[in-house]
Amino acid sequence: MPKSLSFRVALAALTPFIMLLAISATPGSAAIPYSLHLRRYPYLTDVVSSFATINWGTDRYLSTGAVRYGAVGSESCTAHYVPATRHPITVNGVPEYQWSAMLDLAPGAQYCYRVYQGSSLSTEIDLLGSDASPSFWTQIPAGSAQPFSFAVLGDWGYTDSAGANPYQARLMSLIAGSGARFAVTVGDTGYPAGAQTNYGDLVQTGSGISGVFGPLFWRVPGSFTPIFPATGNHGFSSSDPIHPQLLNFPQSRAVALSGGRYVKDTYCCLDGTASAGYPSAWYAFDAGLARIYILDAAWAETNIGTSTGPYQLDYDYHWTPSSPEYLWLKADLAAHPGMLKFAFWHYPLYTDDN
């Protein structure tokens with residue numbers, strides 16, 4: 001490992017299993033009131049090269065939204081304006097909007113921002129209310145020897161019958177105080193089924209509700225810690241036109257820059273499986289001297305056809321030498337020799353199950 005990179009590792013024995021890199025014991029900040037129209041606190045995805053995407057959720061009070069942002073130390077946090085794109089979603093039967101805004105920034109720089117409902121100065125609502133403007137760093141420039149750390153977690157987004165998960169809440173506080181430059185996951189986000197209700201919002205609670213976007217969960221580190229989730233078998237199948245994980249965690253620039261794939265595809269009909277729509281989600285990005293790979297290694301356990309099980313189907317669809325993901329990964333590895341590489345996926349590479 002190059003001496004210019006440092007990684008601190010700790011193992012958190014939680015249920016579901018969670019592994020965390022680069023954590024500390026500093027809790028997150030106490031909440032300050034935000035707008036009642038806000039349903040998902042703003043969070044970052046696709047922070048690669050000189051880009052970032054800011055995401056949030058609202059009720060449907062207004063049908064337009066935007067981000068205002070500025071460079072920390074030299075501009076106001078509202079110096080620049082970017083309109084947002086909305087998608088209608090339903091969370092536990094409640095109609096909401098999922099928003100995202102793609103920002104063009106500078107690599108290795110710090111920015112602050114605010115999110116709004118509405119599109120004019122006279123009518124727009126500052127959704128952060130009296131909360132301070134979040135600030136974040138864009139990705140470490142490729143080739144930079146700057147040390148950094150990142151968090152890794154998986155099998156998360158669970159709430160009990162009371163809508164609580166104190167162990168997960170503690171983990172979110174640890175990530176928020178860790179100084180991690182970004183977070184990656186190894187799949188199974190939003191228990192039990194990866195539906196928008198399981199992801200949830202800042203308001204609704206209950207068993208299997210708001211396990212990701214509840215006020216004590218990803219809301220705590222997400223406004224300043226970019227996240228890059230891998231897919232898992234929980235929630236792999238979804239009837240939504242845009243798969244919930246792909247909609248909630250857009251990574252358009254990372255996918256485009258690496259020639260990856262991030263769409264819901266039709267898979268048919270190896271090993272007697274039924275034709276079905278599943279996410280194809282794989283891409284890579286640079287962070288300093290490292291290249292990070294987010295891979296798709298999972299399958300829907302209810303669609304196994306004549307195979308020996310989901311592990312075999314994951315291999316047959318994703319990892320044979322002629323499969324699209326295998327060919328992409330082989331080519332990308334060859335195109336980036338000599339770099340430190342980290343890869344993240346869900347299913348094990350080897351198993352005695354099938």
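A single entry from 185, 138, 197 fulfils the requirement of being modelled with pLDDT of 95 or more, surrounded by 17 or more Cβ atoms within 10 Å (Cβ to Cβ), in contact with a Leu (Cβ under 6 Å, 6 or more places away or on another chain) and more than 13 Å from residue 218 (Cβ to Cβ): 138.
Look at the stretch 18-47: where a residue is of a type outside the set (Lys, Arg) and modelled with pLDDT of 85 or more and a partner is assigned to a loop (DSSP other than H, G, I, E, B) and open to solvent by 50 Å² or more (accessible area, probe 1.4 Å), sitting 6+ places away or on another chain with Cβ atoms under 6 Å, you get 33/130; 37/61.
Quick check on residue 117: is it closer than 30 Å to residue 206 by Cα, touching a His at 6+ places or on another chain (Cβ under 9 Å) and buried (at least 18 other Cβ atoms within 10 Å of the Cβ)? Yes, satisfied.
Taken over the stretch 288-304, the criterion of being in a strand (DSSP E or B), surrounded by fewer than 22 Cβ atoms within 10 Å (Cβ to Cβ) and of a type in the set (A, V, I, L, M) is satisfied by 290 alone. Kindly indicate whether residue 152 is open to solvent by 20 Å² or more (accessible area, probe 1.4 Å) and either in contact (Cβ under 8 Å) with a residue 60 or more places away in the chain or more than 29 Å from residue 301 (Cβ to Cβ) (or both). No, not satisfied. Mind telling me which of the residues 214, 208, 179, 194 ends up being in contact (Cβ under 8 Å) with a residue 60 or more places away in the chain and out of contact with any strand residue (DSSP E or B) (no Cβ under 9 Å at 6 or more places or on another chain)? Of 214, 208, 179, 194, the one residue that is in contact (Cβ under 8 Å) with a residue 60 or more places away in the chain and out of contact with any strand residue (DSSP E or B) (no Cβ under 9 Å at 6 or more places or on another chain) is 179.
The set of residues in the stretch 305-318 being buried (at least 18 other Cβ atoms within 10 Å of the Cβ) and either closer than 18 Å to residue 352 by Cβ or in contact (Cβ under 8 Å) with a residue 24 or more places away in the chain (or both) consists of 307, 310, 311, 312, 313, 314, 315, 317. Number of residues in the stretch 213-265 that are acidic (Asp, Glu) and in contact with a helix residue (DSSP H, G or I) (Cβ under 8 Å, 6 or more places away or on another chain): the value is 1.
Scanning the stretch 92-109 for residues that are modelled with pLDDT of 95 or more, surrounded by 17 or more Cβ atoms within 10 Å (Cβ to Cβ) and more than 18 Å from the chain's Cα centre (by Cα) returns 92, 96, 105. Considered as a group, the residues in the stretch 103-162 that are aromatic (Phe, Trp, Tyr) and assigned to a strand (DSSP E or B) include one that is nearest to residue 173 (Cα to Cα), and that residue is 156.
In the set (1) touching a Gly at 6+ places or on another chain (Cβ under 9 Å); (2) over 24 Å from residue 338 (Cα atoms); (3) open to solvent by less than 10 Å² (accessible area, probe 1.4 Å); (4) of a type outside the set (Lys, Arg), residue 278 fails one condition alone, (1). When we screen 249, 236, 228, 285 for residues that are touching a strand residue (DSSP E or B) at 6+ places or on another chain (Cβ under 9 Å), within 26 Å of residue 352 (Cβ to Cβ) and open to solvent by less than 10 Å² (accessible area, probe 1.4 Å), the only hit is 236.
The values are calculated or read from the model by the stated rules, or taken from the named source; none is laboratory data. Here the structure is a predicted model, which is why all the values come from computation and not from measurement. All Cβ positions, even for glycine, are placed from backbone atoms using ideal geometry, and neighbour counts span all protein chains on display. With ligands, DNA and RNA removed, areas are computed over all heavy atoms of the protein, side chains included. Shrake-Rupley method; radii C 1.70, N 1.55, O 1.52, S 1.80 Å.
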